[in-house]
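The values are calculated or read from the model by the stated rules, or taken from the named source; none is laboratory data. No experiment lies behind these values; they were computed from the predicted model shown. Positions of Cβ are backbone-derived with ideal geometry, glycine not excepted, and every protein chain shown enters the neighbour counts.
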Amino acid sequence: MGRLSEYLRFVVTLTAVVDPFLAVPFFLAFTRGDNPQHRAKLARVIAFTVFVVLALSAFLGEALLGAIGSSLSAFRVAGGLVLLLMALAMLNAQAGGVRQSTEEANELAAGDVSGIVPLAFPLLAGPGAISTSIIAAGQATLMHQFAIVGCIAVVCLVSWTVLSHAHAIASRLSLTALNVATRILGLLLAAMAVQTMAEGLRDLLPGLAR
């Protein structure tokens, strides 16, 4: 039951980090004038790209941290801070500079990019999602890492479903409704970010747990 709760928490956290609802307006703007077949294909490619980026992060992230001499505990604190910055932006119904820079937003609006960049990376599979995946898969067995990848697949499936039905969602929900969904996910993400930083600080400074 403890493991199941942990995986459920990871799915909720990663869904809030990826936040496919926040990507809906960007996806609609990029695919304006495209036929349904092209939109469906782009949604599949974006979801698959997000899965590959996050799955590789889960398997290789801890080794990369070791190579640069950083501990997982320190990465928890840094990753939690990144998540908190993202959550604050989401509470304002904005993408935020951590997820997407102004220059990247301008390129997307001008149609100068493929859609995979920056929709898949860094809008969906950005620093926050990568950090969350590395932290969840760190210091664990191979079976646990595969379970984490399975959870990532679930989140990517949700993202694909939202993006592939983006036009239908937009026709039924107002921008305000999408922003409300983003703000709710932002509030959940803020709580998870504080928890992640607290766990990292507890490991780095054991005296704080007393």
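Looking at the stretch 127-195, the helices (runs of 4 or more DSSP H) lying wholly inside it that each contain 1 or more residues that are without any contact (Cβ under 8 Å) to a residue 60 or more places away in the chain and within 21 Å of A58 (Cβ to Cβ) sit at 127-137, 142-164.
Out of F30, F59, F10, F48, one residue alone is closer than 18 Å to A125 by Cα, in contact with a strand residue (DSSP E or B) (Cβ under 7 Å, 6 or more places away or on another chain), touching a residue at least 60 places away in the same chain (Cβ under 8 Å) and not charged (D, E, K, R). It is F30. Looking across the stretch 131-157 at every residue that is modelled with pLDDT of 90 or more and surrounded by fewer than 17 Cβ atoms within 10 Å (Cβ to Cβ), the one that is nearest to R39 (Cα to Cα) is identified as L157.
Could you say which residue among V12, V24 is within 26 Å of A147 (Cα to Cα) and outside any loop (DSSP other than H, G, I, E, B)?
So the residue among V12, V24 that is within 26 Å of A147 (Cα to Cα) and outside any loop (DSSP other than H, G, I, E, B) is V12.
In summary, K41 fulfils each of the numbered conditions (1) surrounded by fewer than 17 Cβ atoms within 10 Å (Cβ to Cβ); (2) among the charged types (D, E, K, R); (3) under 18 Å from the mean Cα position of the chain (by Cα) with the single exception of condition (3). Out of the residues in the stretch 111-130 that are modelled with pLDDT under 90 and touching a Leu at 6+ places or on another chain (Cβ under 7 Å), state the one that is farthest from L189 (Cα to Cα). The extreme case among them is G115. Once the stretch 31-44 is narrowed to residues that are touching a helix residue (DSSP H, G or I) at 6+ places or on another chain (Cβ under 6 Å) and assigned to a helix (DSSP H, G or I), the residue that is farthest from V82 (Cα to Cα) is A40.
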